[in-house]
Amino acid sequence: MESLGAGRMSSSQREDLMDQVKQQIVIANTQELLTKMGEKCFTKCIPKPGSSLDSSEQKCLAMCMDRYMDSWNLVSRTYTTRLQREKNFQ
């Protein structure tokens with residue numbers, strides 16, 4: 001990081017940079033979530049793609065995406081809680 005001039009950055013600038021990096025990580029994780037969810041639910045719910053979705057495919061997609069998001073949120077909350085606990089012990 002020294003080669004990027006981080007040694008000359010103020011504490012405030014370093015914090016701003018870290019916030020920007022964290023935001024980029026959140027964006028990348030969200031993009032990955034949406035891509036994986038789309039791939040998995042499409043494969044599960046649409047055996048023979050056509051020009052439109054029938055009602056059972058629409059229902060399957062909605063339920064699959066809801067379950068995927070619920071699971072993602074549970075894992076995220078658990079992970080965040082674990083990080084907070086570890087941070088408190090340091």
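The values are calculated or read from the model by the stated rules, or taken from the named source; none is laboratory data. Everything numeric in this text was worked out from a predicted model, so none of it was measured. Ideal geometry is used to build each Cβ from the backbone, glycine not excepted, and the neighbour counts take in all protein chains shown. Ligands, DNA and RNA are excluded from the accessible area calculation, which covers all protein heavy atoms including side chains. Shrake-Rupley method; radii C 1.70, N 1.55, O 1.52, S 1.80 Å.
Numbers below:
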{"quantity": "Single condition V26 does not satisfy, out of (1) under 26 Å from T80 (Cα atoms); (2) open to solvent by less than 70 Å² (accessible area, probe 1.4 Å); (3) β-branched (V, I, T)", "calculated": "(2)"}
{"quantity": "Selection count where residues are among the basic types (K, R), surrounded by 10 or more Cβ atoms within 10 Å (Cβ to Cβ) and more than 19 Å from the chain's Cα centre (by Cα), scope region 44-72", "calculated": "2"}
{"quantity": "All positions within region 36-90 that are of a type outside the set (D, E, K, R) and assigned to a loop (DSSP other than H, G, I, E, B)", "calculated": "I46, P47, P49, G50, S51, S52, L53, Q90"}
{"quantity": "Residue list for region 73-90, restricted to those being open to solvent by less than 90 Å² (accessible area, probe 1.4 Å) and either of a type outside the set (A, V, I, L, M) or touching a Phe, Trp or Tyr at 6+ places or on another chain (Cβ under 8 Å) (or both)", "calculated": "N73, S76, T78, T80, T81, E86"}
{"quantity": "Pairs with Cβ under 8 Å, 6+ apart, first in region 63-84 and of a type in the set (A, V, I, L, M, F, W, C), second open to solvent by 80 Å² or more (accessible area, probe 1.4 Å)", "calculated": "C64/K40; C64/K44"}
